[in-house]
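Any read-out appearing in this document is the output of simple, stated calculations on the displayed coordinates, not a laboratory observation. The structure presented is a predicted model; accordingly, all values stated were derived computationally and were not measured. Don't worry about glycine lacking a Cβ; one is built from the backbone with ideal geometry, like all the others, and counts go over all protein chains shown.
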Amino acid sequence: MPSADHVIQTHHLTKYFDEVKALKPLDLVVPKHSITGLLGPNGAGKSTLIKLLLGLFRPTDGSGEVFGLDIQRQSPEIRRRVGYLSQEPHFYPEMTAREILRFTARFFYTGPKHAIDERVEEMLAMVGLSDKADRPVKGFSGGERQRLGIAQAQINEPDLLILDEPASALDPMGRLDVLNIMSSLREKTTIFYATHILDDVQRVSDRVMILNQGELIAHGPIEELLSPGRDVVYTITVEGDSDQARKKLETLPWVAHLFEEPNNAHKRWRLAVSDPETAKRDLLSLLVSFPEMTVLSYGRQERHLEEVFMQVIAGANHES
Amino acid sequence: MKADSSLKIDQTQGWRLGLQNLLIRENNQWWKTSRWWVQTLVWGLITNGLLVLLLVLLPLVVNVLPNVNQAQLSTLPGGVEIFFSLAGLAFPIGVVILVQGSVITEKELGTAEWILSKPVSRTAFVLAKFLGHALGILMTLVVCQSLVAYGLIWLNQGAPLPLGNFIKGVGVLVIMLLFYLSLVLMMEVLSDKRGTVLAIGLGSALGGMLLVQLFPFLGYITPFMLSNLSPLIVLGSPPAGFPVWLPLFSTVVMSITFLIIAIRGFNQKDL
């Protein structure tokens, strides 16, 4: 049943291209007024999911609702209330930015030309393109094109903004601009965006969904994914004979993983622990109890989304 | 969704959603660029240029050349035959060249994806292409060139052709060109390869007559004989016993069918 609190809801939504399972049966919920980052490696099914929601692809099976409207039967009604920026936004190259926005606005609004133009001006100012408004877009840089993409996606003041890799083609300044624009829209709209830039997700999102090989493998509020209740990682550098210590650690029930990396003459361990309290109490004393090994550095790492991402992807790939 | 006080949300529903805006864009592509006068000039040179050459310049050259049998001039086809034969051959090729790429380019560039992420019906997308090209082609190729040809033939013969018959002949050309337009548009939707579209479009425009020679019954149910029929209609002497209405009717039916297939195909396409 569609809920008033959910903007997007899917039920076993599936998309196969012949033998390729682009999206395996997917059930997801995106709450209202959230910024949800859709993460996943290339080919994970992020763009496929977005295109299904917009009616650009037809599902192989399953169903979905946006604003409680069916994505197949009521797609035009959905698109009235959605703004979309594709992975590589393409516009008619001979048109100027102003003409592109005017053209886009006419799909949503009727009214006098001056009213349309006012809205267009507002959007140009929002993305900082007022001074380039009358240049044909074929001469635009990647960043300018992306900003124009955000302006056209926002022209109808949508209730839901869907962005596919909005910052992937941009330099650091361009990325920052896009993230700032997204943050500024937070109050007005729900944002659902695909990306593989994990820092961006951690910076602006409230929720994260991780797709891998067409499957949703993790999702939830970002603080929950990064919460101390999950694995904590210690970084330890040792020298000397560390074999015995490593073997001992690997037998402990609260040690989830031990990754060893050579580090010059030393060894660096990244130790994921499933019981942070026990690790905090026992780990250091255990390490120093091996006389043939010296601990050079020892520290507990702050959890980053990148780590969560790598763990769940590695886990999912291992299982499959 | 909020709207400015003077802006109103477009309430259009169903297949017409976005049609007006898309049609304006298609018309701008024809009439606000150099396309309209370039096409008028190119196809004017091919048809009326040759008409002038054969009707006016050739007799002048023949008159000044010695040792040329003046009687041979009278065996040359008249202006009506020349214009309608040239138009019947050249205009279908023009339609194929002008329309090919109109949907495939949008699929390749991603502009189709962009447009269809807005409240736009896929039917409107295809219809806008059809109507926009139909208007452009009919004005620059058919109306413009036919008017010039009518004037040239009038000047050459010293008397106007019967206007009613001339309009009927031009009408046959229109039906034929709309057939090629809908054929190319259908292929543009169904195929992602320009080569396929061009091969089928040009193949039917150039090879149709050959097919009719091999299988004469095709002359009754395809547009391939229409370019031969149109001058006869203008001259008021349609072939006796030949049901002119049959290839016309069948061409109209095929054109509508192609358009329906294009719309249905586009509605089911993943973009």
Completion exercise
Of the candidates A:Q74, A:H90, A:A44, the farthest towards the positive dipole end of segment A:6-225 (Lys/Arg Cβ +1, Asp/Glu Cβ -1, centred on the Cα centre) is A:Q74
Exercise for the section: Please turn the phi angles of segment A:60-71 into ³J(HN,Hα) values with the Karplus equation 6.51 cos²θ - 1.76 cosθ + 1.60 (θ = phi - 60°), one per residue in order, whole Hz, x for glycine and proline. Expected result: 6, 7, x, 8, x, 10, 10, 6, x, 9, 5, 5
Practice task
Rounded to the nearest 500, what is the 222 nm mean residue ellipticity of chain B from helices alone, with -39500 (n - 2.57) per DSSP H run of 4+ residues and division by all residues?
Solution key: -21000 deg cm²/dmol
Practice task
Would you mind giving the average projected area, over all directions, of the Cα convex hull of chain B in nm² with one decimal?
Solution key: 18.9 nm²
Handout entry: Rounded if a/c under 1.5, otherwise prolate or oblate - segment A:148-208, Cα gyration tensor axes
Key = oblate
Problem - Theoretical ellipticity at 222 nm over chain A - DSSP helices of four or more residues, -39500 (n - 2.57) apiece, nearest 500 - result: -10500 deg cm²/dmol
Practice task
Provide the per-residue ³J(HN,Hα) series for segment B:154-167, in order, calculated from phi with Karplus coefficients 6.51, -1.76, 1.60 and θ = phi - 60°, each as a whole number of Hz, with x at glycine and proline positions.
Solution key: 4, 4, 5, 8, x, 8, x, 6, x, 4, x, 5, 4, 5
Completion exercise
Residue by residue through segment B:104-111, the couplings from Karplus 6.51 cos²θ - 1.76 cosθ + 1.60 with θ = phi - 60°, in Hz, x for Gly and Pro, are 4, 4, 5, 5, 5, 6, x, 6
Completion exercise
Yeah, segment A:232-302 with a ≥ b ≥ c from its alpha-carbon gyration tensor (a/c under 1.5 is rounded, else prolate when a/b outruns b/c, oblate otherwise) is prolate
Fill in the blank from the handout: Computed from the beta carbon distance with a Förster radius of 45 Å, FRET efficiency for A:L176 and B:L198 to the nearest 0.05 stands at 0.45
Problem - Relative intensity, log₁₀ I(q)/I(0), of the protein assembly as shown from a Debye sum that treats every alpha carbon as a point, q = 0.09 Å⁻¹ - result: -0.83
Fill in the blank from the handout: Dimensionless Rg/Rh of chain A, both radii on Cα and Rh by Kirkwood, sits at 1.09
Exercise for the section: With +1 on each Lys and Arg Cβ and -1 on each Asp and Glu Cβ, and nothing else charged, work out how big the dipole of the protein assembly as shown is about its Cα centre, in Debye to the nearest 20. Expected result: 1940 debye
Fill in the blank from the handout: Once Lys and Arg are counted +1 and Asp and Glu -1 for all other residues with Cβ under 13 Å from that of A:H90, the total becomes -3
Exercise for the section: Starting from the Cα of B:V42, step 7 Å along the direction of its Cβ; do the same at A:E77; then give the gap between the two resulting points in nm. Expected result: 4.6 nm
Handout entry: Cα shape, segment B:216-271, gyration tensor, a/c 1.5 rule
Key = prolate
Fill in the blank from the handout: Computed about the Cα centre, the charge dipole of chain A from +1 Lys/Arg and -1 Asp/Glu charges at the Cβ has a magnitude in debye, to the nearest 20, of 660 debye
Fill in the blank from the handout: So, with points 7 Å from each Cα along the Cβ direction, the B:V64-A:F259 label distance in nm works out to 8.9 nm
Fill in the blank from the handout: If amide H atoms are modeled at 1.01 Å from N in the peptide plane, then the residues at a separation of 5 or more from A:V7, or on another chain, having amide H under 5 Å from its own are A:V30, A:K32
Handout entry: Where a label projected 7 Å from the Cα of B:M254 along Cα→Cβ would reach, residues of segment B:98-128 with amide N under 20 Å
Key = B:98-100
